[in-house]
Structures are given as structure tokens and as C-alpha cells.
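A short worksheet on the structure shown next.
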Amino acid sequence: MTLDVVRSGCRPRNLFIGVALVLVIALTGLPAIAAEKSGTNPEGVGLQAASWLATIPYGAMKVAFALTGGIVGGLTWAVTGGNMSVAKAVWTPSMTGDYVLQPQHLTGEKPIHFVGGLSDKTKS
């Protein structure tokens, strides 16, 4: 009985510590990056905050896409008898590209690459 109480009491505490740690890292790094890029420009800070907020759903979709590409690439490798060039043709586009949105992506100065490009080795 005491073991159940200890287990159930430990999980919320670990979750709280994990969330707090992520928030501290994210929030302390964000103002430093924004100040470096834009100084005291409120528009730059707003763009930085918007890009950070947009990265959350975008990054989740990109990670899901990359994981799916990793699985499909592994299956491709197995089905083709270990042909690495065919597997890399699936892995490279799905696992490369932008995982984080930057203010330049939001202003159009830099294109967003959800699907990465093929490397020179996989083209030939």
C-alpha cells in the first residue's frame, strides 16, 4: 500500500520538475536571443516570440514526419535487401529540413524547408 502512494506521489513531482526545467531553459534563452537579434526593437522581440510560438506546432509536425520517414526508410532498406542508397532517398528528405522557425521565416527573408533536399550522394 505504501509503495502505491510513493509511486503516485513521485510522478506529478517529476512531471512538475520537467516542465519547470523546460520553461526555465526556454524563457531564459528567448530574451537573450531576441536582444541579440533586435536590440530594443519591439517588432524584433514580437517576431522572435511569434516564431517561438509557431515552432511548437510546426516542430511537433516536423518531428512526427521525420519519425515516420525513419520508419518507412527502415522498411525500405529491409525490403530492398539492405540497399542504403534507396533508404537514404527516403531518410534524407524526411529527416533534414527546418525543425525550428526563425523570425526570418516569418518575414519571408528565408524559405521554410519542411522537406529537406537530397544530398549529392543520394542523387547519383
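The values are calculated or read from the model by the stated rules, or taken from the named source; none is laboratory data. The structure presented is a predicted model; accordingly, all values stated were derived computationally and were not measured. Neighbour counts run over all protein chains shown; Cβ positions are idealised from the backbone, glycine included.
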Against the definition (among the hydrophobic types (A, V, I, L, M, F, W, C) and more than 21 Å from the chain's Cα centre (by Cα)), how does residue 77 come out, yes or no? yes
Picking from 76, 55, which residue would you name as being over 19 Å from residue 107 (Cβ atoms) and at pLDDT 90 or above? 76
Exactly one of (1) free of Cβ contacts under 8 Å to residues at least 60 places away in the same chain; (2) touching a helix residue (DSSP H, G or I) at 6+ places or on another chain (Cβ under 8 Å); (3) surrounded by 16 or more Cβ atoms within 10 Å (Cβ to Cβ) is unmet by residue 50. Its number? (3)
With the first residue restricted to the range 109-124 and required to be at pLDDT 90 or above, and the second required to be among the acidic types (Asp, Glu), Cβ contacts under 9 Å at 6 or more apart or on different chains are 110/98; 111/98; 112/98; 113/98; 114/98
If I ask for residues that are surrounded by 16 or more Cβ atoms within 10 Å (Cβ to Cβ) and either touching a residue at least 60 places away in the same chain (Cβ under 8 Å) or over 10 Å from the mean Cα position of the chain (by Cα) (or both), which ones from the range 55-72 would you list? 65, 69
